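> One structure, pasted below without further comment.
The values are calculated or read from the model by the stated rules, or taken from the named source; none is laboratory data. As the structure is a prediction and not an experimental result, all values here were calculated from the model. Virtual Cβ from ideal backbone geometry, glycine too; neighbours counted across all protein chains shown.
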Amino acid sequence: MELQLIRNATVKLQFGGVTFLIDPYLGGKYSQPSLAGRSKNPTVDLPCSIKEILEGVDYIIVSHLHPDHFDDEAQHNLSRQAPIFCQPQDLDALMSSGFGNVRAIDRDLDIEGVSITRTDCQHGSGEILPLMGVASGFVFRHLEEKTLYWCGDTVWYDGVQDVIDRHKPEVVVCHAGGNAFAHSYNVFGPAFSGDSESLVMDAGQVLMLCDYATQAQVLATHIGALDHDSLTREELRNRTITQVERGQLLIPGDGQKMIF
């Protein structure tokens, strides 16, 4: 497989002869509102042109509809007949947006020899969790590829452990920016009354993932593009230096391509 980190959670994946674009977040730098009062989002430009990102893509996968995973610029640039896979909760919304070739992955899907299993996520903890809605991860399998687990927007919890136990992935992509909301810059209104815990994995949870999935190559993404990130790539690297130095954990930069 070849996996290219585009930016944030956006990944271009060549797997079993099929090219997937996962969670296209294509807006220009500072094109979206702030989430933490520090800066507009995204905080960095795309590493290459949208034309280059979309070139050769066979299928789009949308894990959930948060605007840092599927934004207006992506909707503007995608054909209304682009084949899109999504979680069942988002099917109606995508079709109402004018996309006519959308298919929900209830649990398992086989497409051109690639087996995709949708997995559950816990997008935060505590008071913030019901406000974050439902998100999904995906396991990719092919006879001639290593098994890939793209965790999606989730913290480390027993559901992630269950996926690792069941599928025994050799490559795991986790979202590792920590990301949190503060009551001092409240984007939710009265429904949110305090500072949130991490919405996705932080450095400590990445360490737990590495310690649990000892057989896997772990990639840390969803970091370095949003103003509510709670750590930087450098901070993550410093806190996971043992895993980085022994080669288990990779922290790719935007645009970087990796082959497994």
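> I'd like to verify a number: residues in the range 55-65 that are touching a residue at least 24 places away in the same chain (Cβ under 8 Å) and either acidic (Asp, Glu) or outside any loop (DSSP other than H, G, I, E, B) (or both), how many?
Counting residues in the range 55-65 that are touching a residue at least 24 places away in the same chain (Cβ under 8 Å) and either acidic (Asp, Glu) or outside any loop (DSSP other than H, G, I, E, B) (or both) gives 5.
> Same structure, new question: For a quick check of your reading of the model, give me the residue pairs whose first member lies in the range 182-196 and is touching a residue at least 24 places away in the same chain (Cβ under 8 Å) and polar (S, T, N, Q), whose second is surrounded by 13 or more Cβ atoms within 10 Å (Cβ to Cβ) and not in a helix (DSSP H, G or I), with beta-carbon atoms closer than 7 Å and at least 6 apart or on different chains.
Pairs that qualify, where the first residue is touching a residue at least 24 places away in the same chain (Cβ under 8 Å) and polar (S, T, N, Q) and the partner is surrounded by 13 or more Cβ atoms within 10 Å (Cβ to Cβ) and not in a helix (DSSP H, G or I), are 196/124; 196/180; 196/181.
> Next question. Identify, from the list 105, 128, the residue that is surrounded by 18 or more Cβ atoms within 10 Å (Cβ to Cβ), modelled with pLDDT under 95 and β-branched (Val, Ile, Thr). Show your work before the answer.
Working: 105 fails: modelled with pLDDT under 95.
Result of the check over 105, 128: 128.
Every residue, every condition in (1) in a strand (DSSP E or B); (2) more than 21 Å from residue 169 (Cβ to Cβ); (3) over 18 Å from the mean Cα position of the chain (by Cα), yes or no:
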{"residue": "12", "(1), (2), (3)": "yes, no, no"}
{"residue": "20", "(1), (2), (3)": "yes, no, no"}
{"residue": "36", "(1), (2), (3)": "no, yes, yes"}
{"residue": "53", "(1), (2), (3)": "no, yes, no"}
{"residue": "67", "(1), (2), (3)": "no, yes, no"}
{"residue": "74", "(1), (2), (3)": "no, yes, no"}
{"residue": "82", "(1), (2), (3)": "no, yes, yes"}
{"residue": "117", "(1), (2), (3)": "yes, no, no"}
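> Give the residue that is surrounded by the fewest Cβ atoms within 10 Å (Cβ to Cβ), with candidates limited to residues of the range 210-233 that are closer than 19 Å to residue 158 by Cα and either hydroxyl-bearing (Ser, Thr, Tyr) or out of contact with any strand residue (DSSP E or B) (no Cβ under 7 Å at 6 or more places or on another chain) (or both).
Checked the range 210-233; the qualifying residue surrounded by the fewest Cβ atoms within 10 Å (Cβ to Cβ) is 214.
> Still on this model: Inside the range 108-121, can you point out the residues that are within 17 Å of residue 69 (Cα to Cα) and surrounded by fewer than 20 Cβ atoms within 10 Å (Cβ to Cβ)?
120
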